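The values are calculated or read from the model by the stated rules, or taken from the named source; none is laboratory data. In this text, all values refer to a predicted model and were calculated from it rather than measured experimentally. Neighbour counts run over all protein chains shown; Cβ positions are idealised from the backbone, glycine included.
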Number of protein chains: 2
Amino acid sequence: MAVIINLDQEREKEQPDALTRLCDLVQDDLENVNRLIIENMHSPVELIPQLAGHIIAAGGKRLRPVLTLAAAQMCGYHGQRHAALAACVEFIHTATLLHDDVVDESTLRRGEASANVLWGNKASVLVGDFLFSRAFQLMVADGNLRVLEILSAASAIIAEGEVLQLMTSNDTATSEQAYLEVIMGKTAALFAAACEVGAVVADRPKKEHEALGSYGMNLGIAFQLIDDALDYSAKQENLGKTIGDDFREGKITLPVILAFLRGDESERDFWRRTLERQEQDDADLRQAIQLMERHGTLKDTVQRAAHYGAIARDALGIFPDSAEKRALTDVVEFVIRRGH
Amino acid sequence: MAVIINLDQEREKEQPDALTRLCDLVQDDLENVNRLIIENMHSPVELIPQLAGHIIAAGGKRLRPVLTLAAAQMCGYHGQRHAALAACVEFIHTATLLHDDVVDESTLRRGEASANVLWGNKASVLVGDFLFSRAFQLMVADGNLRVLEILSAASAIIAEGEVLQLMTSNDTATSEQAYLEVIMGKTAALFAAACEVGAVVADRPKKEHEALGSYGMNLGIAFQLIDDALDYSAKQENLGKTIGDDFREGKITLPVILAFLRGDESERDFWRRTLERQEQDDADLRQAIQLMERHGTLKDTVQRAAHYGAIARDALGIFPDSAEKRALTDVVEFVIRRGH
């Protein structure tokens, strides 16, 4: 038995997951990105690097900047500009996280107390504004207008998605289409921009910009769908997150939308009570998960994610084979597998 | 007597105030700016134009965009690009107002219920983010990297100023220097950028950029000093605003800083109780104003404003005489006179 376990461990060592492989491919550049992030969140106003450092150091996966780096590298880019642009992408992402946590009244972010809890909502709003402005300063220093166009448009679309989410929050009658528009805005638009920027900085033809934009958009949709499924899945707890956050906040995500659509009137009353009126007791989360299992809505949410994942993979079809292309392709599966 | 009154009315008609004269000089362009503002706050997410329209229509003075238009016109600019850039400046300003009202927990803005009261803090944060992103999209569409540099730097400085203000709020030991840094960030940086952009768009030499930047920075400092004095002045009520908002919020502005520095220990206890611990009763605002009058701190705040105003006026010295230069010069006096 000991031998088998060792072999398993050996195999795990030999086969790092797709995200790890992708990160390894851009490792040096990623270190540059981390350095640029630290340098550029500096301000004589001490609270800014303190608060920004807390959320940035909390160690997200850096998925979005890694996508920028890998996309540029797949496009044959050999310069250094992509590191600054990847840092911009992470700054925009971090700014939206700070504002999200205020809007959602969240108390935890990646298992640690969120910035709004530690420093208050006011500081979170203002430091978010600072990071967002600093992202634009970094982009302007790079000086590519197409990059500025892509990232400023993405920022506006993110804000639109967030407002749309706010308007549909607690509304159990939200349609799957409306939900898709929300997640395309709040999540997928930045994935798309992060990837497209890689092709722009490498000065590749327009069809490659579009291909990478489509890859990022569909990967982002899949990513958010899986995130929303995981919020009701025991697997979530293995990732160091709590289960049921969306439920407690009354967020209307696809697992809920499908359960509502497929449920009978008494089930719909349950969703209206718990999510619209937010009258919840301890047993309700368990009941919600049971209804989702009865109607197969978690499984089907993963299925929907697989559909967008397939589009993402195919979008890469125009690029010749390379280690980067293989890793970007495999990352799609990795993102979706989190949901199993 | 009737004759005298008529003559007074007649004289008022004949001598519009300096801001009105400045607006008249750029009237057509200002109409373009207003049109661009309406067009660009559009979004399929209805709440965005609703909320943005509320604060934008509430009819600020459009002072910042007028400065951009007038500065460009003084620099001999005859194109149309300055209107879009002036709209950007107003969008950035509006975004910061939305976030300010959330941070300050304000309930009124220009005499009307503020957006955060009508639509909630969450919507105000997110629509602010949208307007800010949209401002950058407009700038990027213009395509001048120097303009982008100026306005993205100003945005970062505004956020720094706001965070600094948050850190010094309720601290009666705030120094005049720290207060100056706050208002240079939160207010004057955008005045400076608005003016400098006028010279950039007109493609004038660097010393004219700097001159207009200095004019705007010092005008902005004067503007904020007067605002802070007016918050304790009966004249404020003539302007349709309530008196004592800063006092109730525990904001540490120059009239307070000077009163604290010049006061005896029992007076300092009064400031600590009312502004640091925010234990206030109905008679306290009256008492605060009496202390300010005793130490001449409102008068001296206006005096400080006059100093920065003088620097602003002299900064225009390198420009040849023109109707725009005269109006920009006279606007300084107009801004300061509000405080008398």
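Residue A:86 meets each of the listed conditions (1) within 14 Å of chain B (Cβ to nearest Cβ); (2) small (Gly, Ala, Ser); (3) within 15 Å of the chain's Cα centre (by Cα) apart from (1). Scanning the range B:104-114 for residues that are more than 19 Å from residue A:163 (Cβ to Cβ) and either within 13 Å of another protein chain (Cβ to nearest Cβ) or of a type outside the set (Asp, Glu) (or both) yields B:104, B:105, B:106, B:107, B:108, B:109, B:110, B:111, B:113.
Look at residue A:312 and say whether it is surrounded by 17 or more Cβ atoms within 10 Å (Cβ to Cβ) and within 22 Å of the chain's Cα centre (by Cα). The answer is yes for residue A:312.
Looking across the range B:46-61, the residues that are part of a loop (DSSP other than H, G, I, E, B), at negative phi and touching a residue at least 40 places away in the same chain (Cβ under 8 Å) come down to B:58, B:60, B:61.
Counting only residues that are farther than 14 Å from residue B:230 by Cα and among the hydroxyl-bearing types (Ser, Thr, Tyr), the range B:242-279 holds 2 of them. Flag: residue B:35 matches the condition of being of a type in the set (Lys, Arg), surrounded by fewer than 23 Cβ atoms within 10 Å (Cβ to Cβ), assigned to a helix (DSSP H, G or I) and at pLDDT 85 or above. Please verify whether residue B:277 is modelled with pLDDT of 95 or more and of a type in the set (Lys, Arg), treating the condition exactly as stated. Criteria not met by residue B:277.
What is the residue count in the range A:258-278 for residues that are part of a helix (DSSP H, G or I) and farther than 19 Å from residue A:304 by Cα? Here the count works out to 12.
Among residues of the range A:115-143 that are more than 9 Å from chain B (Cβ to nearest Cβ), those with a beta-carbon under 6 Å from a residue that is surrounded by 24 or more Cβ atoms within 10 Å (Cβ to Cβ) and among the hydroxyl-bearing types (Ser, Thr, Tyr) at least six positions away or on a different chain give the pairs A:115/A:124; A:116/A:124. Here's a check for you: in the range A:115-137, which residue that is surrounded by 24 or more Cβ atoms within 10 Å (Cβ to Cβ) and of a type in the set (Phe, Trp, Tyr) is farthest from residue B:163 (Cα to Cα)? The extreme case among them is A:136.
Only residues that are at pLDDT 95 or above and hydroxyl-bearing (Ser, Thr, Tyr) were counted across the range A:154-178, and they come to 1.
Screening residue B:113 against (1) at pLDDT 90 or above; (2) over 27 Å from residue B:85 (Cβ atoms) leaves a single unmet condition, (1). Going through (1) away from every other protein chain (no Cβ under 14 Å); (2) part of a loop (DSSP other than H, G, I, E, B) one by one, residue A:43 falls short only on (1).
Screening residue B:325 against (1) touching a residue at least 40 places away in the same chain (Cβ under 8 Å); (2) more than 16 Å from residue B:71 (Cβ to Cβ); (3) not aromatic (Phe, Trp, Tyr) leaves a single unmet condition, (2). When the range A:330-340 is examined, which residues are found to be surrounded by fewer than 18 Cβ atoms within 10 Å (Cβ to Cβ) and either assigned to a loop (DSSP other than H, G, I, E, B) or free of Cβ contacts under 8 Å to residues at least 60 places away in the same chain (or both)? Listed by number, the residues that qualify are A:337, A:340.
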